[in-house]
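The values are calculated or read from the model by the stated rules, or taken from the named source; none is laboratory data. Everything numeric here is computed off the predicted structure, so don't read it as measured data. Cβ atoms come from the backbone with ideal geometry, glycine included; neighbour counts cover every protein chain shown. Note: areas computed on protein heavy atoms with side chains; ligands, DNA, RNA excluded. Shrake-Rupley method; radii C 1.70, N 1.55, O 1.52, S 1.80 Å.
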Amino acid sequence: MPGTTSADSTLAQVTAELAALEDPRVRAVNERHGDDHGVNLSKLRAIAKRLKTQPDLARQLWATDDTAAQLLAVLVSRPKAYGRDELDGMLRGARSPKVHDWLVNYVVKKNPHSEELRVAWLADPDPVVASAGWALTTERVAKNPEGLDLPELLSIIEADMKDAPDRLQWAMNHCLAQIGIEHAGHRARALEIGERLGVLKDYPTPPGCTSPYAPAWIAEMVRRQQAP
């Protein structure tokens with residue numbers, strides 16, 4: 001077609017392929033979790049594996065504002081190719097919880113601006129943006145805690161987690177559990193905060209899965225660490 005680049009052709013081909021994979025049953029399940037797409041994620045990952053890393057295509061897919069296309073964009077991205085402000089804008093524009101989570105875990109965590117964004121997002125008044133800051137903080141608690149003020153993090157969780165919106169509460173709770181799991185010196189306080197606040201205590205947990213209730217989560221993971 002005159003005036004059409006190969007990249008444009010690829011975008012059209014890929015979005016058509018995603019549209020063909022749309023399954024109403026998959027969409028119905030995903031929509032219960034706030035994710036407005038109907039593409040099986042195994043099939044989506046297979047497309048990404050075939051396409052490999054394509055930064056330009058990733059940006060084009062992201063710009064469609066379609067959830068399945070944005071999930072694919074994350075998978076074919078080169079994490080280090082994004083600037084700080086670009087990632088900030090992408091996170092704020094991510095409507096789907098799955099897109100938000102994948103962007104943070106697969107791109108932001110591997111980007112050189114991740115620590116700068118972590119600090120900025122942690123203090124953001126938007127609870128969804130702040131939840132990304134807490135997710136990055138949880139990563140540091142587990143892998144690179146040097147320089148983190150763990151007692152201060154526990155104090156913020158203690159003061160704010162109980163009444164936080166769902167996404168932010170979940171992220172703060174994960175950080176609380178991670179502190180208790182990884183840092184024995186702060187474990188007693190983490191357990192006490194979790195027990196007193198009771199966040200996610202009654203969350204339905206399938207048999208064989210670990211409860212997200214922080215005291216139960218901490219106890220189970222510490223047990224596994226100490227098992228012979």
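Mind jotting down the three principal axis lengths of the range 68-176 based on Cα atoms? Whole angstrom, largest first.
Principal-axis extents of the range 68-176 (Cα, largest first): 38, 29, 20 Å.
Which one, Gly208, Gly34, Gly89, has the greatest fluctuation when you compute a Gaussian network model over the chain with C-alpha springs under 10 angstrom?
Evaluated over the chain, the most mobile residue of the options is Gly208.
Based on Cβ point charges of +1 for Lys and Arg and -1 for Asp and Glu, what charge dipole magnitude is obtained for the chain about its Cα centre, in debye rounded to the nearest 20?
I would put it at about 880 debye.
Averaging over every viewing direction, what projected area does the convex hull of the Cα atoms of the chain cover, in nm²?
For the chain, the mean projected area of the Cα convex hull comes to 14.8 nm².
Assigning unit charges at the beta carbon (Lys, Arg +1; Asp, Glu -1) and nothing else, what dipole magnitude in debye, to the nearest 20, does the range 101-191 show about its Cα centre?
320
Hey, which of these cross-link pairs are over 22 Å Cα-Cα: Lys109/Lys162; Lys49/Lys143; Lys80/Lys143?
Correct reply: Lys109/Lys162; Lys49/Lys143.
At what distance in nm do the modelled label points of Lys110 and Arg95 sit from each other, each positioned 7 Å from its Cα along Cα→Cβ?
2.7
Looking only at the range 55-72, which residues have a backbone nitrogen under 17 Å from a spot 7 Å from the Cα of Ala81 in the C-beta direction?
In the range 55-72, the label zone of Ala81 (backbone N under 17 Å from the point 7 Å along Cα→Cβ) covers 55-65, 69-72.
How big is the range 1-91 on each of its three principal axes, counting only the C-alpha atoms and giving the largest first in Å?
Taking the Cα atoms of the range 1-91, the three principal extents are 36, 36, 21 Å.
Accessible area per residue of the chain at 1.4 Å probe, in Å²? List each step's numbers first, then the result.
Numbers: 11940 Å² over 228 residues.
Accessible area per residue, the chain: 52 Å².
Helix 166-182: angle to the longest alpha-carbon principal axis of the chain, degrees 0 to 90, nearest 10?
Between helix and principal axis, roughly 60 degrees.
Using a cut-off of 11 Å between beta-carbons, work out the net charge of the residues near Arg78 (Lys and Arg +1, Asp and Glu -1, Arg78 not included).
Values: positive: Lys52, Arg59, Lys80, Lys110; negative: Asp56.
Overall, the nearby charge balance is +3.
Which residue, chosen from Leu122, Ala164, Leu72, occupies the Cα position most advanced towards the positive end of the dipole of the chain, where the dipole is computed from +1 (Lys, Arg) and -1 (Asp, Glu) charges on Cβ about the Cα centre?
Comparing the listed Cα positions along the dipole, Leu72 ranks first.
Over the chain, what percent of the accessible surface lies on carbon and sulfur atoms, probe 1.4 Å?
Whole-percent figure for carbon plus sulfur exposure: 53.
If you take the beta carbon distance between Lys52 and Gln13 as r and set R0 to 22 Å, what does 1/(1 + (r/R0)^6) give as a FRET efficiency, to the nearest 0.05? Could the numbers behind the result be given before it?
Working: r = 15 Å, r/R0 = 0.68.
Efficiency at R0 = 22 Å is approximately 0.90.
How tilted is helix 187-197 with respect to the longest principal axis of the chain? Cα atoms for both, answer in degrees (0 to 90, nearest 10).
80
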